[in-house]
Structures are given as C-alpha cells and as structure tokens.
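In what follows, a single structure is set out as structure tokens and then discussed.
Readers should treat all values here as calculations from the given coordinates under stated rules, not as data from a laboratory. Model, not experiment: these values are computed from the prediction. Note that we place each Cβ from the backbone using ideal geometry, even for glycine, and neighbour counts take in every protein chain shown.
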Amino acid sequence: MTEKVQEMQKKEAELDKGVERIRNTRVFTPAVDIIEKNNDLVLLADMPGVDEKSLDIILEKNLLTIYGRVEPEVPANHRLVLSEYGVGDYQRTFTLSDEIDREHIRASVKDGVLKLVLPKAEKAKMKKIAVAAEA
Amino acid sequence: MTSTYLERLLDPWREFERMNRLIGWPAGSTAEYPAINIWVAGDDAIVTTEIAGIDRNSIGISVAGNTLTLKGKRPASVEQEKGTCHRHETWSGEFSKSVQLPFNVDPDKVQASYRKGILHISLPRLEADKPRKITIES
C-alpha cells in the first residue's frame with residue numbers, strides 16, 4: 001500500500017502533582033484543530049462518545065475549558081480480547097485573548113466532533129484602509 | 001522470513017503478537033488508524049472503533065471469512081473551513097484496516113451502528129463454523 005499509515009494514540013490528560021480526580025475515570029486530551037478565518041476562530045475537537053448533553057464548556061476569566069463525559073459502553077457478558085484504545089472523559093483548557101468576543105461563542109457537536117466558533121472582537125478584526133488619491 | 005528465538009526475545013511486542021496468534025486471539029496491528037476494541041462472547045463478536053468526524057456515508061464495512069475490513073475517509077478541516085491553520089492534531093485522510101476475528105462471520109447477520117463518532121459492529125459466528133457435537137453410535 002502506498003498510502004501513508006498514520007499512527008494515532010489517545011493522549012491522557014495530565015494532572016497537577018498531588019491532585020486526584022473525584023470520578024474514577026480516565027481523562028484524555030482531545031485532538032484539536034484551530035483555524036483562523038477573517039471574522040472568527042474555529043476550534044474543532046475530536047471527542048468520540050460525547051454529545052450535546054454530556055459536554056460542558058466553561059469560560060472563566062480568560063480560561064476556556066471543554067469537558068466531555070463519556071459513559072463507557074461495555075457489551076454485556078462480553079470480554080475484551082483486543083484493546084487499542086481506552087475509554088474515558090475528555091478535558092482541555094485554552095487561554096483566550098481579549099480579541100475574542102466572549103458573548104457570542106457558539107458550540108455544536110456532530111459525530112463526536114465539537115465545533116466552537118469564537119468570533120473576533122470588533123477591534124481585532126482586520127480593517128482595510130482605503131487610500132485616497134491626493135488632489 | 002524466519003526469525004530466530006533470540007530475535008524474538010529482543011522484540012517483546014512481536015513475541016506478544018505471535019503468542020496472540022497461537023492462542024487464536026485477533027491480532028490487529030497496533031494503533032494504526034482507527035484504533036479498535038474487540039469484545040467476544042461465545043459465538044458473537046463486537047468491534048468498536050472511534051472515528052470521530054467521519055461521515056457515515058463514507059464508512060465501508062466488509063466481511064470475508066474471519067476478516068473484517070473497515071474503510072472510510074475524512075477531509076481535513078482546514079480545507080472545509082478555508083482559513084489559516086494554527087493547530088492541526090486531528091486525523092484526516094483515508095483509512096482501510098483489516099482485523100481477524102476468532103471465527104468465521106455470517107455476513108448476512110452483521111449489524112452496525114454509528115453514533116457520537118463511535119462505530120459499533122456486531123458480528124455473529126457463521127452457523128456452519130460453529131463446533132458440532134458428535135454423538136457416538138452404539
């Protein structure tokens with residue numbers, strides 16, 4: 001096969017030293033894409049197993065945290081004979097600059113992918129200055 | 001290519017895969033996209049895989065004997081959103097992955113569902129492949 005084989009491994013989220021989680025689940029760092037467009041930033045995060053009900057998006061000061069809860073689906077009476085991925089929650093935090101219009105952040109989920117649209121604040125938008133010819 | 005015992009000792013992962021084959025467990029290649037989990041109970045196997053962002057119409061599932069093949073594709077988000085990419089960590093491209101199951105599968109009874117980016121495939125064993133009890137004639 002000539003196609004490039006891409007290796008993927010879920011990364012587990014790191015905890016501060018001496019801190020423990022309340023729920024006894026694994027927590028992964030979702031893979032994200034951040035794309036800048038003219039008027040907004042688009043953040044896409046792969047969180048398979050998460051839907052709109054199990055997702056929390058918290059904006060506190062300049063910290064934007066996304067947290068997705070995943071209920072592990074264990075088929076009854078089956079035993080796991082091959083495990084290439086682990087199942088757990090997702091968490092990731094980003095710092096936002098002042099250039100984001102915090103009031104108008106939009107979020108949606110489709111097929112396990114979170115899409116956050118972060119509109120740029122008016123002042124951060126690129127302005128084109130018209131040049132007038134001197135008389 | 002035949003490997004010597006020493007070579008196998010030096011490569012524990014290969015040894016693990018060899019043992020897997022001996023036991024008859026499914027031997028999948030590790031961490032090749034997409035990662036899969038296989039659950040088995042008697043004459044039924046369940047394969048789950050996390051393929052977030054993949055359009056359900058692009059997913060292809062085929063079964064031949066004891067081999068399950070999964071195919072699909074995901075366009076890169078940058079191409080869809082048309083902007084400047086600051087971070088690109090998600091997987092995109094085309095995949096084709098085959099796994100061997102511990103028994104032959106009945107292709108007519110395979111069921112699949114795709115929810116929240118997780119593909120769930122139920123694969124029952126082929127009737128003709130099930131072990132039969134032989135009665136001893138007197």
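For Cα pairs less than 8 Å apart in space and 6+ apart in sequence, what is the mean separation divided by the residue count of the stretch B:32-126, i.e. the relative contact order in percent?
Values: 172 pairs, mean separation 31.9, N = 95.
Over the stretch B:32-126, the number comes to 34 percent.
Note down the Stokes-Einstein diffusion coefficient of the stretch A:1-132 in µm²/s, whole number, using a Kirkwood radius over alpha carbon pairs, 10 °C, and 1.306 mPa s. Present the calculation step by step, with values, prior to reporting the outcome.
Working: Rh = 17.4 Å.
Approximately 91 µm²/s, per Stokes-Einstein.
What do you get for Rg/Rh over the stretch A:47-87 if you use C-alpha atoms and the Kirkwood form of Rh?
With Rg and the Kirkwood Rh in hand, the quotient comes to 1.16.
Using a Förster radius of 41 Å, what is the FRET efficiency between A:Leu80 and A:Glu122 based on their Cβ-Cβ separation? Nearest 0.05, please.
After rounding to 0.05, the efficiency reads 0.20.
Give me a single rounded figure for A:45-53: the average over its residues of other chain Cβ atoms within 10 Å of their Cβ.
Numbers: counts 4, 10, 5, 13, 7, 4, 3, 1, 0.
Whole-number average of other-chain Cβ neighbours for A:45-53 is 5.
Counting Lys and Arg as +1 and Asp and Glu as -1, what is the net charge of the other residues whose Cβ lies under 12 Å from the Cβ of A:Lys11?
Details: positive: A:Lys10, A:Arg26, A:Arg92; negative: A:Glu12, A:Glu14, A:Asp46, B:Glu89.
Net charge in that neighbourhood comes out at -1.
Evaluate peptide B:127-136: per residue, the Cβ atoms of other protein chains within 10 Å of its Cβ; return the mean as an integer. List each step's numbers first, then the result.
On the way: counts 0, 0, 0, 0, 0, 0, 0, 0, 0, 0.
Whole-number average of other-chain Cβ neighbours for B:127-136 is 0.
Can you figure out the FRET efficiency of A:Ser108 with A:Thr25, using R₀ = 25 Å and their beta-carbon distance, to the nearest 0.05?
On the way: r = 25 Å, r/R0 = 0.98.
It comes to 0.50.
Would you work out the Kirkwood radius for the stretch B:32-126? I mean one over the mean of 1/r across all pairs of different Cα atoms, in Å. Before the final figure, lay out the partial values.
Details: mean 1/r = 0.0697 Å⁻¹.
Answer for the stretch B:32-126: a Kirkwood hydrodynamic radius of 14.4 Å.
To make sure I understand, if each residue's beta carbon is the centre and we count other beta carbons within 10 Å, what order do A:Glu52, A:Glu60 fall in, fewest to most? Before the final figure, lay out the partial values.
Working: A:Glu52 11, A:Glu60 8.
By the 10 Å Cβ count, ascending, the order reads A:Glu60, A:Glu52.
Over the Cα atoms of the stretch B:88-137, what Rg and Dmax result, in angstrom?
Cα-based Rg and Dmax for the stretch B:88-137 come out at 17.5, 68 Å.
Grab the other residues whose beta carbon is less than 10 angstrom from that of B:Ile36, score K and R as +1, D and E as -1, and report the net.
Values: positive: B:Lys97; negative: A:Glu84, B:Glu32, B:Glu50.
Neighbourhood net charge equals -2.
Using each residue's phi in the stretch B:56-66, evaluate 6.51 cos²θ - 1.76 cosθ + 1.60 at θ = phi - 60° and report the 3J(HN,Hα) Karplus result to the nearest Hz, with x for Gly and Pro.
Per residue, the Karplus-derived 3J(HN,Hα) values read 5, 6, 8, 7, x, 10, 9, 10, 9, x, 9 Hz.
Toward the positive end of the charge dipole of the stretch B:32-126, about the Cα centre and with charges on Cβ (Lys, Arg +1; Asp, Glu -1), which of B:Trp91, B:Trp39, B:Ile61 goes farthest?
Going by the charge dipole, the pick is B:Trp91.
Mind jotting down the distance between the C-alpha centroids of the stretch B:34-107 and the stretch A:18-48, whole Å?
Centre-to-centre (Cα) distance: 21 Å.
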